[in-house]
1. Residues being more than 23 Å from residue 137 (Cβ to Cβ) and part of a strand (DSSP E or B): count how many of those fall in segment 52-93.
2. Can you name the residue in segment 164-176 that is part of a loop (DSSP other than H, G, I, E, B) and in contact (Cβ under 8 Å) with a residue 24 or more places away in the chain and is also nearest to residue 131 (Cα to Cα) among such residues?
3. Out of curiosity, is residue 217 in a strand (DSSP E or B), more than 20 Å from residue 56 (Cβ to Cβ), out of contact with any Cys (no Cβ under 8 Å at 6 or more places or on another chain) and at pLDDT 90 or above?
4. Name the single residue, out of those in segment 81-125 being surrounded by fewer than 20 Cβ atoms within 10 Å (Cβ to Cβ) and β-branched (Val, Ile, Thr), that is modelled with the highest pLDDT.
5. Among the residues of segment 49-59, is there at least one that is small (Gly, Ala, Ser) and at pLDDT 90 or above?
6. Looking at segment 177-208 only, could you name the residues that are outside any strand (DSSP E or B), over 21 Å from residue 162 (Cα atoms) and among the acidic types (Asp, Glu)?
7. When the residues of segment 132-142 are narrowed to those that are at pLDDT 85 or above and not in a strand (DSSP E or B), which ends up surrounded by the fewest Cβ atoms within 10 Å (Cβ to Cβ)?
8. Suppose we keep only residues that are free of Cβ contacts under 8 Å to residues at least 40 places away in the same chain and of a type in the set (Asp, Glu) within segment 60-77. Which one would you say is most open to solvent (accessible area, probe 1.4 Å)?
Amino acid sequence: MMQNRITMVHDGKEIDVSRALPAMDKTMNRSRITEANLLAASSERFAKKPKNAKWYCLHVMTGRESSVEKTLEAAKIELVSPREKVVLVKKGKKIETSRLFFPGYILVHCQPSAEAFHGLRSMKNVLDIVGNGGKYHVIADEQVSVFKGMTDLPAPRVTTDKSFCEGDRAMITFGPFKDFDCVVLAVKWSREARARVQLAVFGKNFEIESMPLAFLEKL
């Protein structure tokens, strides 16, 4: 059967858009499915049974955290994206700002379901949910509560082990990845020393670009 020809006028020229329609329909259908699945992750779904909800960690593209946060907020999905208050010196002037505690990661609160997980993983700029093959890392409520209280506050000063170096193995003692073992890939020595680390969650490797050394205990 011959497909009806559909055209549009652009800059005074008639353009045939018939071939583009199937792809447009496919994109729109995919968008509707993602929106429906995100609804399954919204706080409204577990409002009557809050104990059914758990905290998970989204792995997102670094630098795109704010965009993902806006999408989550629009879908009424509870989230925590902890930031710390820092003071930078530029051209001799002190500038107060904030930075993400764990760039590339956002904590989300939802009732676990295949639909909710699919919606979260299908979001633009979301790489995955921390875990592997549908077995996702659940973050303890008490750890999330601590991070909620850290918003817009200075980072706590804790004595760090200054002997850390590349290749060391360590256990994470604080935060959403508490009790996981990791490997130190690089160390950045500054007023608040940090490390780039790799950890395995249910057999899948994840890298954290900026882990405070104060959160690590050498093994």
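The values are calculated or read from the model by the stated rules, or taken from the named source; none is laboratory data. Just so we're clear, the structure is a prediction, and the values are computed from it rather than from any experiment. Ideal geometry is used to build each Cβ from the backbone, glycine not excepted, and the neighbour counts take in all protein chains shown. Ligands, DNA and RNA are excluded from the accessible area calculation, which covers all protein heavy atoms including side chains. Shrake-Rupley method; radii C 1.70, N 1.55, O 1.52, S 1.80 Å.
1. 7
2. Only one residue tops the list, namely 176.
3. On the way: in a strand (DSSP E or B): yes; more than 20 Å from residue 56 (Cβ to Cβ): yes; out of contact with any Cys (no Cβ under 8 Å at 6 or more places or on another chain): yes; at pLDDT 90 or above: yes.
Considered against the rule, which asks whether it is in a strand (DSSP E or B), more than 20 Å from residue 56 (Cβ to Cβ), out of contact with any Cys (no Cβ under 8 Å at 6 or more places or on another chain) and at pLDDT 90 or above, residue 217 comes out as yes.
4. 95
5. yes
6. none
7. Filtering segment 132-142 for residues that are at pLDDT 85 or above and not in a strand (DSSP E or B), the one surrounded by the fewest Cβ atoms within 10 Å (Cβ to Cβ) comes out as 142.
8. Looking at the filtered set, the residue picked out is 73.
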